[in-house]
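Single-structure report; data block below.
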Amino acid sequence: MHADRTNRVALAVFGLLVLLAGVAGMITSVGAFGNGFSRRTLFAYLGQHGTWVWPVAAGVCLLIMLAALRWVVALLISTDRTGDIPIPIKTHEGTTILQPAALTGALTREIGTYHGVDSARSRIVGDARAPAIVVAVTASQSADLHALHQRIETEALAHARQAIGHADLAIQLDLGVSRKSA
């Protein structure tokens, strides 16, 4: 997450510098900084070949802007969370639909009642036909981590697998220790 934030800041600074250079070039081409400055090599070339340089530059900027917009939309809209999870019933009655929030809520509440747990969070990721569960548990410093891990695996995660009807349901358990002293 920190690297992503750093990348965004670096790209924003780079984009701002390129934008400022472009604005300075456009202002210079109309003589805003004086004739002596605008007669330098790059600006003189741009002034002589402006009929094709500026449309090409605008096209390149448009492509960059579309790529950036696509990246922002992907960050804002994309999610790794799954939708409703169909649970097939072995009779002719149809399919039961399990809301992911119901399963994660029950799982979080069950783990939260265990001795030594400070906080618990869970979410379902992946496709509705092949979901996976990510569970993050923060234990108190005085907790027996091995016993807590065994209880979560044998009770709460077993209940989640049973609720979905997938004995081989992929579950990622992140067990951490609280920084606060008990």
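The values are calculated or read from the model by the stated rules, or taken from the named source; none is laboratory data. Worth saying up front: this structure is predicted, and the values here are computed from it rather than measured. When we count neighbours, we look across all protein chains shown, and the Cβ atoms used for this are built from the backbone with ideal geometry, even at glycine. Ligands, DNA and RNA are stripped out before the accessible areas are found, and what is left, the full protein with its side chains, is counted by its heavy atoms. Shrake-Rupley method; radii C 1.70, N 1.55, O 1.52, S 1.80 Å.
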Original post:
Just to be sure, is Ser119 open to solvent by 30 Å² or more (accessible area, probe 1.4 Å) and closer than 12 Å to Leu175 by Cβ?
Top reply: yes
Original post:
Among the helices (runs of 4 or more DSSP H) contained in region 20-124, which hold 3 or more residues that are touching a strand residue (DSSP E or B) at 6+ places or on another chain (Cβ under 9 Å) and either at pLDDT below 75 or not polar (S, T, N, Q) (or both)?
Top reply: 100-112
Original post:
Which of (1) in a strand (DSSP E or B); (2) loosely packed, with under 14 Cβ neighbours inside 10 Å is the odd one out, the single condition Leu173 does not satisfy?
Top reply: (2)
Original post:
Are any residues in region 131-168 in a helix (DSSP H, G or I), closer than 18 Å to Ala101 by Cα and open to solvent by 20 Å² or more (accessible area, probe 1.4 Å), and if so, which ones?
Top reply: Ala158, His159, Arg161, Gln162, Ala163
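Condition check ((1) aliphatic (A, V, I, L, M); (2) modelled with pLDDT of 90 or more; (3) out of contact with any Cys (no Cβ under 7 Å at 6 or more places or on another chain)) across all residues:
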residue: Leu148; (1), (2), (3): yes, yes, yes
residue: Thr154; (1), (2), (3): no, yes, yes
residue: Ile164; (1), (2), (3): yes, no, yes
residue: Leu169; (1), (2), (3): yes, no, yes
residue: Lys180; (1), (2), (3): no, no, yes
**OP:** Just name the residue that is farthest from Val117 (Cα to Cα) out of those in region 148-182 that are free of Cβ contacts under 8 Å to residues at least 12 places away in the same chain and hydrophobic (A, V, I, L, M, F, W, C).
**Re:** Ala167
